[in-house]
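*Asks:* Can you read through this structure? Questions will come right after.
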Amino acid sequence: MPQTASVLPRVFLAAALALTTGATGVAASSPGPAGGITLEAADAAAFADIKIGGDIESFRLDNGLEVVVIPDRRAPVVTHMVWYKVGAADEPAGMSGVAHFLEHLMFKGTTNNPDGAFSKRVAAIGGQENAFTSNDYTAYFQRVAKEHLGEMMALEADRMENLILTDAVVAPERDVVLEERRMRVENDPGAMLGETLDAVLYVNHPYGTPVIGWPSEISALSKDNAIAFYDRFYTPNNAILIVAGDVEAGEVRRLAEETYGKVAQRADPGERNRPAAQRVPGALEVDLADPRVNQPNLRKAWLVPSYATDTADDAPALDILAEILGGGSTSRLYRSLVIDQGIASSAGGWYQSSTLDDSRFMVYAVPSDGTSLEDLSGATRAVIDTLIAEGVSAAELERAKTGLLSSALYAQDSQSSLARMFGVALTTGSTIEEVRDWPRVISAVTAEDVRKAAETYLALLPVTAYLRAPEDAGPAATANQ
């Protein structure tokens, strides 16, 4: 069964790793990833000259399909991925969830390969497959023995232009999506809080709408809605083919031309112009009390530039700031709130760096018994204010660089992670060379760059979100139940 995925990367190049968790495209109950890598500070410089991805080659077919080839010859296996430059943030008004809905429907078959034939063939040859939807992209992939690459290309090219949908197929799948939403969002108070936080943070921007969609709009989605979305966006000139594995670029080109090359352009999707997210004045709070909550938590989120929207070269510093402030047990938040003060059982933070538009920087904490969320919020703010006022140490800076760069380096040990790194980057406004050159960029960040980024963005009032049990709620939160 296809899955949707929300990419909540701790670092620019490790964005793809979040996809392996099978998240739902909405905030999960855990406020963010934790657990950074902590190597000796002196190790950081060793990563500076690394080029991500090895001997990558890329080219474009006559119909506009972009192709990226990432050789990895350690095993006779290939990862074949098709990325469409369309996601939930590109949906027409009133049709939230149609991108994810179409992802499900893409498995329903074509004239040449009826319902289930594609998946049955992947299973028969011992392969793996899946799909995922985010705000900015939708992707489909298979991992198979290399001799089956041409067949995967033929099957994927077939459903790029020959999808067959009927009301008899669409209606039950719509119910499946609604049940998925109930299970993963409405039955999870943490996910519900995440949806509300996003809606408050992304004022005037579609990132405030859940990837899976709002229930009333999912219920109204039709066959015609799905086909119209498919015809506009699922065209080769709006797609990227990434092949990683035991392959040669020349062979990939030949196979791609024989399969995808025969798919005609059906549309010109146009520029992805979206309204700019707005920062509104005043303190913004989300307070959710739910009887199902057994672990209260606090979240603070700021609107910040992504790598794609960064005009002041702040994104690399934000990557390092997230690591220093919230990246594991050596981070500022964990040391202060958990170890030194004992007022939290967990704390951390992350920066969602790989998005097409402005993104978010988030910190979180889980209170210890006897600590109120309000007190924890104040203590979290104090940690951030201290960092802004005093800056970061040389040891912290080097440790953060080492953690980020080693994470990116080790991620290359996974063929599928390599493919996902480039897929995420290319569909969110970055280039192959920017991905490859990222270690050098991170290595060049200074302590003052990090302090300045914290002052520029985190000194502003965040959206603060509280998740608590009803007995801990104030009148406002209780009234919302």
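The values are calculated or read from the model by the stated rules, or taken from the named source; none is laboratory data. Keep in mind the model is a prediction, meaning the values are calculated, not measured. Neighbour counts are summed over all protein chains in view; Cβ atoms, including those assigned to glycine, are modelled from backbone coordinates with ideal geometry. Protein only, heavy atoms only, side chains kept; ligands, DNA and RNA dropped before computing areas. Shrake-Rupley method; radii C 1.70, N 1.55, O 1.52, S 1.80 Å.
*Asks:* So HIS80 fits all but one of (1) open to solvent by 20 Å² or more (accessible area, probe 1.4 Å); (2) under 25 Å from MET421 (Cβ atoms); what number is the exception?
*Replies:* (1)
*Asks:* Can you give me the number of residues within segment 197-213 that are assigned to a loop (DSSP other than H, G, I, E, B) and surrounded by fewer than 17 Cβ atoms within 10 Å (Cβ to Cβ)?
*Replies:* 1
*Asks:* Within segment 235-272, how many residues are farther than 14 Å from TRP83 by Cα, in contact (Cβ under 8 Å) with a residue 12 or more places away in the chain and not acidic (Asp, Glu)?
*Replies:* Residues flagged as farther than 14 Å from TRP83 by Cα, in contact (Cβ under 8 Å) with a residue 12 or more places away in the chain and not acidic (Asp, Glu) within segment 235-272 amount to 17.
*Asks:* Given the structure, is ILE432 of a type in the set (Val, Ile, Thr), in contact (Cβ under 8 Å) with a residue 24 or more places away in the chain and more than 16 Å from ARG299 (Cβ to Cβ)?
*Replies:* Criteria met by ILE432.
*Asks:* Whether any residue in segment 127-134 is closer than 30 Å to GLY208 by Cα and open to solvent by 50 Å² or more (accessible area, probe 1.4 Å) is what I want to check.
*Replies:* yes
*Asks:* Identify the residue in segment 214-234 that is within 22 Å of the chain's Cα centre (by Cα) and part of a loop (DSSP other than H, G, I, E, B) and, among all such residues, is nearest to ALA276 (Cα to Cα).
*Replies:* That would be TRP214.
*Asks:* I'd like to check which strands (runs of 3 or more DSSP E) are fully inside segment 295-402 and have at least 1 residues that are farther than 20 Å from LEU284 by Cβ, touching a residue at least 12 places away in the same chain (Cβ under 8 Å) and touching a helix residue (DSSP H, G or I) at 6+ places or on another chain (Cβ under 7 Å).
*Replies:* On the way: elements: 297-304, 344-351, 359-367.
Hits in segment 295-402: 344-351, 359-367.
*Asks:* Now, a different point. Considering GLY403, GLY378, which residue is farther than 21 Å from SER353 by Cβ and not charged (D, E, K, R)?
*Replies:* Only one candidate passes the filter, namely GLY378.
*Asks:* Do you know which residues across segment 411-469 are buried (at least 21 other Cβ atoms within 10 Å of the Cβ), of a type in the set (A, V, I, L, M, F, W, C) and more than 28 Å from ALA382 (Cα to Cα)?
*Replies:* LEU418, ALA419, MET421, PHE422, VAL424, ALA425, LEU426, VAL435, TRP438, listed by residue number.
*Asks:* Under the condition of being over 26 Å from TYR230 (Cβ atoms) and charged (D, E, K, R), which residue from segment 48-77 is surrounded by the most Cβ atoms within 10 Å (Cβ to Cβ)?
*Replies:* ASP72
*Asks:* I'd like the full set of residues that are open to solvent by 40 Å² or more (accessible area, probe 1.4 Å) and part of a strand (DSSP E or B), limited to segment 261-290.
*Replies:* GLN278, LEU284, GLU285, ASP287
*Asks:* Right, here's the next one. Given SER306, SER331, which one is of a type in the set (Ser, Thr, Tyr), open to solvent by less than 10 Å² (accessible area, probe 1.4 Å), within 20 Å of the chain's Cα centre (by Cα) and at negative phi?
*Replies:* SER306
*Asks:* Which residues, counting only those in segment 162-175, are open to solvent by less than 60 Å² (accessible area, probe 1.4 Å) and either assigned to a helix (DSSP H, G or I) or in contact with a Cys (Cβ under 8 Å, 6 or more places away or on another chain) (or both)?
*Replies:* Answer for segment 162-175, where residues must be open to solvent by less than 60 Å² (accessible area, probe 1.4 Å) and either assigned to a helix (DSSP H, G or I) or in contact with a Cys (Cβ under 8 Å, 6 or more places away or on another chain) (or both): VAL169, VAL170, ALA171, GLU173, ARG174.
*Asks:* Could you check, for segment 83-97, whether at least one of its residues is farther than 21 Å from THR355 by Cα and crowded, with 22+ Cβ neighbours inside 10 Å?
*Replies:* No, segment 83-97 has no match at all.
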